[in-house]
1. Can you find a residue in region 139-150 that is closer than 15 Å to I125 by Cβ, surrounded by fewer than 19 Cβ atoms within 10 Å (Cβ to Cβ), of a type outside the set (A, V, I, L, M) and at pLDDT 95 or above?
2. I'm told Y77 meets every condition in (1) assigned to a helix (DSSP H, G or I); (2) surrounded by fewer than 20 Cβ atoms within 10 Å (Cβ to Cβ) except one. Can you identify the failing condition by its number?
3. Go through region 80-96 residue by residue and tally those that are in a helix (DSSP H, G or I) and surrounded by fewer than 19 Cβ atoms within 10 Å (Cβ to Cβ).
4. Take the residues in region 152-178 that are within 19 Å of E93 (Cα to Cα) and crowded, with 17+ Cβ neighbours inside 10 Å; name whichever of them is modelled with the highest pLDDT.
Amino acid sequence: MPSPSSGPNDMASVLIHACCAPCATYTVEHFRKERHELAGYWFNPNIHPLSEHALRLQTLIDFARDVGMPLEMTPDYKIEDYFQAVAGHEGQEARCRYCYLLRLGQAAGFAREKGFDAFTTTLLISPYQKHDVLKQTGEEIQAKVGIRFLYEDLRPGYHESRKMARELNFYRQRYCGCIFSHAERFSFPKK
């Protein structure tokens with residue numbers, strides 16, 4: 001369990017919700033440069049199929065081990081939690097918001113329970129995520145759970161994260177993770 005910070009110049013303990021190792025590369029490096037004590041957290045019931053979930057998780061486990069970052073994870077793959085969260089909100093922006101609420105809410109609860117000073121997410125590095133929705137959702141969870149959401153626009157580091165992932169020979173996925181984003185990746189433009 002991390003030791004709480006007592007002042008603005010102290011090192012803050014931050015739990016990073018991690019969606020995958022490629023997004024974690026730059027994110028972890030960035031927050032370490034800011035002198036944060038980090039631990040990773042895996043909770044991604046949105047990722048489909050199960051084989052994709054397992055591949056992303058194993059790559060993240062390997063990365064966390066290699067960089068000496070503790071990694072906590074939820075043991076079960078419960079895609080039904082994701083479907084229940086987004087049911088009736090299948091449009092892309094609404095769906096993403098409810099997915100963020102599910103995953104970041106879980107991370108924030110874990111961070112508070114374990115005594116972290118703040119929580120954040122590797123989703124902040126992706127230019128494909130909805131940053132205004134991510135920020136708003138994180139702030140809502142912060143107010144509800146009582147733990148700081150550490151928001152930084154990490155998108156300028158996106159290409160560096162891709163480069164780092166290639167150099168480390170990481171598996172790099174080609175869609176966000178959910179069944180909807182998988183289908184959207186392969187759908188043809190409407191005429």
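1. no
2. Every listed condition holds for Y77 apart from (1).
3. Summing the residues that are in a helix (DSSP H, G or I) and surrounded by fewer than 19 Cβ atoms within 10 Å (Cβ to Cβ) in region 80-96 gives 7.
4. Selected residue: C176.
Residues are listed down the side, and each one gets a yes or a no for (1) under 17 Å from T25 (Cα atoms); (2) part of a helix (DSSP H, G or I):
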{"site": "F116", "(1), (2)": "no, no"}
{"site": "T120", "(1), (2)": "yes, no"}
{"site": "L124", "(1), (2)": "yes, yes"}
{"site": "P127", "(1), (2)": "yes, no"}
{"site": "L134", "(1), (2)": "no, yes"}
{"site": "E140", "(1), (2)": "no, yes"}
{"site": "A143", "(1), (2)": "no, yes"}
{"site": "E152", "(1), (2)": "yes, no"}
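Rundown of residues vs (1) β-branched (V, I, T); (2) surrounded by 12 or more Cβ atoms within 10 Å (Cβ to Cβ); (3) at pLDDT 95 or above, yes/no style:
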| residue | (1), (2), (3) |
| --- | --- |
| S6 | no, no, no |
| M11 | no, yes, no |
| V14 | yes, yes, yes |
| H17 | no, yes, yes |
| T27 | yes, yes, yes |
| F31 | no, yes, yes |
| E37 | no, yes, yes |
| L60 | no, yes, yes |
| V67 | yes, yes, yes |
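The values are calculated or read from the model by the stated rules, or taken from the named source; none is laboratory data. Note that this is a predicted model, so its numbers are computed, not measured. No Cβ is skipped: glycine too gets one built from the backbone with ideal geometry, and neighbour counts run over all protein chains shown.
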